[in-house]
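The values are calculated or read from the model by the stated rules, or taken from the named source; none is laboratory data. Quick caveat, the model's predicted, so the values are computed rather than measured. Positions of Cβ are backbone-derived with ideal geometry, glycine not excepted, and every protein chain shown enters the neighbour counts. The protein model used for the area step is the full one, side chains on, heavy atoms only, and it has no ligands, DNA or RNA in it. Shrake-Rupley method; radii C 1.70, N 1.55, O 1.52, S 1.80 Å.
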Amino acid sequence: TVTISGSGFDPRANGDDVAIGQEVATVLSATANQLRVSIPTGPSFSGAITVATPGGSTLGPDVFVAPPGYTAAQVGFTGILGSGQATPVDLPQRGRIGLLAIDAAANQRLSIAVANSTIASGFLTVLAPGGAGIPQDGATQFISGSTPGFLGPTTLPGRGTYTVVVSPSSGSSGNVTL
């Protein structure tokens, strides 16, 4: 569960709507200043928390849910991947993954270059809202120094928040720039 603090919430749980990215969350309890919300279950997703009440709506911070096969404790980095911006991903501990959110429009083209990797080897995977890999297999391998890695270009099928997973191979740690 997640607790959202603020003001102006409807004290009736069914009077407030909460979503994380495109995933609808269930409001378990509500007061005028606090909502207790269950995190949707299922595949990996990320996105901003949106709260709508009878008095208005607001957009909160991004939330990341670990993809299948990983736990929240294995997430060592979270961030936003912006268009045309180099984004360093630091994973200094072995066994950790990085999750980055990309907000995209339907039919937007996506490509991601992997550079400056000190991680011995790993994979870059893009997950659509709902958890499906993009493109169909959704992954590319990168190797420090010899194979920098490139994913795409691919056309994203729908509007939403996509999740980029940076997963170093077993025993690897370090950093990489996307």
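Of all residues in the stretch 18-30, count the ones that are out of contact with any Gly (no Cβ under 6 Å at 6 or more places or on another chain) and open to solvent by 50 Å² or more (accessible area, probe 1.4 Å).
Here the count works out to 4.
If PRO153 satisfies all but one of (1) exposed (fewer than 14 other Cβ atoms within 10 Å of the Cβ); (2) within 20 Å of GLN93 (Cβ to Cβ); (3) modelled with pLDDT of 80 or more, what's the number of the condition it fails?
Status for PRO153: all satisfied but (2).
Within the stretch 65-82, take every residue that is open to solvent by less than 50 Å² (accessible area, probe 1.4 Å) and part of a strand (DSSP E or B) and give me the one that is modelled with the lowest pLDDT.
Applying the first criterion (open to solvent by less than 50 Å² (accessible area, probe 1.4 Å)) to the stretch 65-82 yields 65-67, 75-77, 79, 81-82.
Right, trim to part of a strand (DSSP E or B) and you get 65, 75-77, 79.
Details: VAL65: 83, VAL75: 94, GLY76: 95, PHE77: 96, GLY79: 93.
Per the criteria, the residue is VAL65.
Would the stretch 3-17 turn up any residue that is under 17 Å from SER167 (Cβ atoms), assigned to a loop (DSSP other than H, G, I, E, B) and open to solvent by less than 80 Å² (accessible area, probe 1.4 Å)? Reasoning before the result, please.
Step one: list which residues in the stretch 3-17 are under 17 Å from SER167 (Cβ atoms), which gives none.
No: the stretch 3-17 contains no residue that is under 17 Å from SER167 (Cβ atoms), assigned to a loop (DSSP other than H, G, I, E, B) and open to solvent by less than 80 Å² (accessible area, probe 1.4 Å).
Check ARG159 against each of (1) surrounded by fewer than 18 Cβ atoms within 10 Å (Cβ to Cβ); (2) of a type outside the set (Asp, Glu); (3) under 25 Å from ALA19 (Cα atoms); (4) modelled with pLDDT of 85 or more and name the one condition it does not meet.
Answer for ARG159: the failing condition is (4).
What about SER117, is it of a type outside the set (Asp, Glu), crowded, with 19+ Cβ neighbours inside 10 Å and either over 12 Å from the mean Cα position of the chain (by Cα) or assigned to a loop (DSSP other than H, G, I, E, B) (or both)?
Working: of a type outside the set (Asp, Glu): yes; crowded, with 19+ Cβ neighbours inside 10 Å: yes; either over 12 Å from the mean Cα position of the chain (by Cα) or assigned to a loop (DSSP other than H, G, I, E, B) (or both): yes.
Yes; evaluated as a whole, the condition is true for this residue.
Report whether or not SER111 is hydroxyl-bearing (Ser, Thr, Tyr), more than 16 Å from the chain's Cα centre (by Cα) and modelled with pLDDT of 85 or more. Give the derivation first.
Details: hydroxyl-bearing (Ser, Thr, Tyr): yes; more than 16 Å from the chain's Cα centre (by Cα): yes; modelled with pLDDT of 85 or more: yes.
For SER111, the condition - hydroxyl-bearing (Ser, Thr, Tyr), more than 16 Å from the chain's Cα centre (by Cα) and modelled with pLDDT of 85 or more - is met.
Which ones in the stretch 121-139 are at pLDDT 75 or above and crowded, with 16+ Cβ neighbours inside 10 Å?
Matches in the stretch 121-139: SER121, GLY122, PHE123, LEU124, THR125, VAL126, LEU127, ALA128, PRO129, ILE134.
Those residues that are touching a helix residue (DSSP H, G or I) at 6+ places or on another chain (Cβ under 9 Å) and under 23 Å from GLY160 (Cα atoms), I need them from the stretch 96-135; list them, please. Break it down into steps so the answer makes sense when it comes.
If we filter the stretch 96-135 for residues that are touching a helix residue (DSSP H, G or I) at 6+ places or on another chain (Cβ under 9 Å), which is where we start, we get 96-97.
ILE97 - this is the single residue of the stretch 96-135 that is touching a helix residue (DSSP H, G or I) at 6+ places or on another chain (Cβ under 9 Å) and under 23 Å from GLY160 (Cα atoms).
Quick check on the stretch 83-114: of everything there that is charged (D, E, K, R) and not in a strand (DSSP E or B), which residue is surrounded by the fewest Cβ atoms within 10 Å (Cβ to Cβ)? Break it down into steps so the answer makes sense when it comes.
Of the residues in the stretch 83-114, the ones charged (D, E, K, R) are 90, 94, 96, 103, 109.
Next cut, not in a strand (DSSP E or B) only: 94, 96.
On the way: ARG94: 12, ARG96: 19.
If we take residues in the stretch 83-114 being charged (D, E, K, R) and not in a strand (DSSP E or B), then ARG94 is surrounded by the fewest Cβ atoms within 10 Å (Cβ to Cβ).
Give the residues of the stretch 40-54 that are more than 13 Å from the chain's Cα centre (by Cα), more than 15 Å from ILE4 (Cβ to Cβ) and of a type outside the set (Ser, Thr, Tyr), sorted by residue number. Explain how you work it out, then say what you get.
From the stretch 40-54, those more than 13 Å from the chain's Cα centre (by Cα) are 40-42, 50-54; that's our starting set.
Filter once more, so that each one left must be more than 15 Å from ILE4 (Cβ to Cβ): 41-42, 54.
Answer for the stretch 40-54, where residues must be more than 13 Å from the chain's Cα centre (by Cα), more than 15 Å from ILE4 (Cβ to Cβ) and of a type outside the set (Ser, Thr, Tyr): GLY42, PRO54.
Only residues that are open to solvent by less than 20 Å² (accessible area, probe 1.4 Å) and more than 26 Å from ILE134 (Cα to Cα): list them for the stretch 31-62, please.
Scanning the stretch 31-62 gives LEU35, VAL37, VAL51.
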